[in-house]
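Take a look at the structure set out below.
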Amino acid sequence: MPLVYEILLEIFELVHNHAKLNGIADFLSLLEVNRAFSDIAIMVLWKELPSVDALLHLMPEDVLERSFEDGIWRYICHRNPLPAELARFDLYAPLIRAIQPDVCALSHRAVQGFEAILRSHTSRSGTPLLPRLHHLQLAYSSDALLGFIPSLLHDGLRNLSLPANGFNSGYILNCLIRTPPPLHSLVYISSEGVSHLANHLHLFPSLRHLTVPLQLPAQMEAITTHPLDSLTVIVSNPVNLPQNSITFHHPLRSFSIVFRQTFLVGGGENPSFEDAINMLHACAVRCERLKLTLPRQLGGDSLQLFIESLALRST
């Protein structure tokens, strides 16, 4: 029987992945087949959420009133839910393994309702709000869920991706350092507090994949002493390009340099490619895979010279 369950779970996940691209109606029909199919389908549906707004729909109407107008859900929170009114939340919250939104994971319309759920949960239990959350990826600095990240940190969180200059970045970073979860992957591209992170990277012994903005050589040295598998460096300002060589103490499987479009505007006299090659020369790194990301509009003679300089470097 367990083997049959595992096979069905795999099939349902394949159907769900197809449904996300082609419409969810066919997958939802699995809920109506029988109890066994319904249980598996619910597990798959809640495994990865594009938004935690869905949690508000687990509350009774007299706690959290909701209406759907002009294609948008609107919420009115009347009070905090009682412990008994969190029964449905307790059933579904442990199913959530990943939050990976297309836009924002928590809309500003849902903040009061989410706060009410969090207050009630915290008052009755010391357990994490989402106890099996494994992957949290936020891409927008306006995401309201940024204000609740400290409440989502726990020993099961493995992958965390935060947006550039997001709300609460410094506080989130301090919470990470104060009680570090066993992260395997971290994307922290905010300019606030990166040197603080670099100096405390030893608190994350399981961390293997890191994305950070380019730092001064002293902070970069602190980062390169950590045994990473992959490192991505975001370069937003050519003035910050290191003048001295940065020594990597461990070989990398993958090393990526991403030049932001903020200063790479194209043109034959643009020094962007020169900046890129200077960055490569400054990084004494052994890696299996090297990736450079430059804005698309750069090309022509500058691109040709850049490719030739890469060829010279490889020799």
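Collect the residues in segment 223-239 that are at pLDDT below 85 and open to solvent by 30 Å² or more (accessible area, probe 1.4 Å), keeping them in residue-number order. Reasoning before the result, please.
At the first step, the residues of segment 223-239 found to be at pLDDT below 85 are 235-239.
Across segment 223-239, the qualifying residues are SER236, ASN237, PRO238, VAL239.
Inside segment 18-54, can you point out the residues that are part of a helix (DSSP H, G or I), acidic (Asp, Glu), at pLDDT below 90 and open to solvent by less than 80 Å² (accessible area, probe 1.4 Å)?
Hit for segment 18-54 is ASP39, nothing else.
Can you work out which of the residues in segment 202-221 that are open to solvent by less than 30 Å² (accessible area, probe 1.4 Å) and at pLDDT 85 or above is farthest from SER256 (Cα to Cα)?
Per the stated criteria, the residue is PHE204.
So which residues in segment 170-194 are closer than 20 Å to SER254 by Cα, open to solvent by 20 Å² or more (accessible area, probe 1.4 Å) and out of contact with any Pro (no Cβ under 7 Å at 6 or more places or on another chain), if there are any at all?
From segment 170-194, those closer than 20 Å to SER254 by Cα are 183-189; that's our starting set.
Going one step further and asking which of them are open to solvent by 20 Å² or more (accessible area, probe 1.4 Å), we end up with 184-185, 187, 189.
Matches in segment 170-194: HIS184, SER185, VAL187.
What number of residues within segment 157-169 satisfy the criterion of being at pLDDT 95 or above and either assigned to a loop (DSSP other than H, G, I, E, B) or crowded, with 20+ Cβ neighbours inside 10 Å (or both)?
So the answer is 3.
When you check LEU197 against the structure, is it open to solvent by less than 30 Å² (accessible area, probe 1.4 Å), at pLDDT 75 or above and part of a helix (DSSP H, G or I), yes or no?
Considered against the rule, which asks whether it is open to solvent by less than 30 Å² (accessible area, probe 1.4 Å), at pLDDT 75 or above and part of a helix (DSSP H, G or I), LEU197 comes out as yes.
Can you tell me how many residues within segment 171-201 are within 17 Å of ILE257 (Cβ to Cβ), of a type in the set (Val, Ile, Thr) and touching a Leu at 6+ places or on another chain (Cβ under 8 Å)?
Number of matching residues: 2.
List pairs: first in segment 109-120 and farther than 16 Å from LEU82 by Cα, second in a helix (DSSP H, G or I) and open to solvent by less than 70 Å² (accessible area, probe 1.4 Å), Cβ under 6 Å, 6+ apart or cross-chain?
As it stands, the answer is ALA110/ASP53; ALA110/LEU56; VAL111/ALA144, since those pairs meet every condition given.
Taking into account only those residues within segment 251-283 that are farther than 13 Å from ILE234 by Cβ and open to solvent by 80 Å² or more (accessible area, probe 1.4 Å), which is modelled with the lowest pLDDT?
The qualifying residue modelled with the lowest pLDDT is GLU269.
Could you please give the count of residues in segment 122-136 that are over 17 Å from LEU157 (Cβ atoms) and either at pLDDT 95 or above or small (Gly, Ala, Ser) (or both)?
2
The values are calculated or read from the model by the stated rules, or taken from the named source; none is laboratory data. Nothing here was measured: the structure is a model prediction, and the numbers come from that model. Glycine gets a Cβ as well: all are built from the backbone with ideal geometry, and neighbour counts include every protein chain shown. For the accessible areas, the whole protein counts, side chains as well, though only heavy atoms, and no ligand, DNA or RNA atoms are used. Shrake-Rupley method; radii C 1.70, N 1.55, O 1.52, S 1.80 Å.
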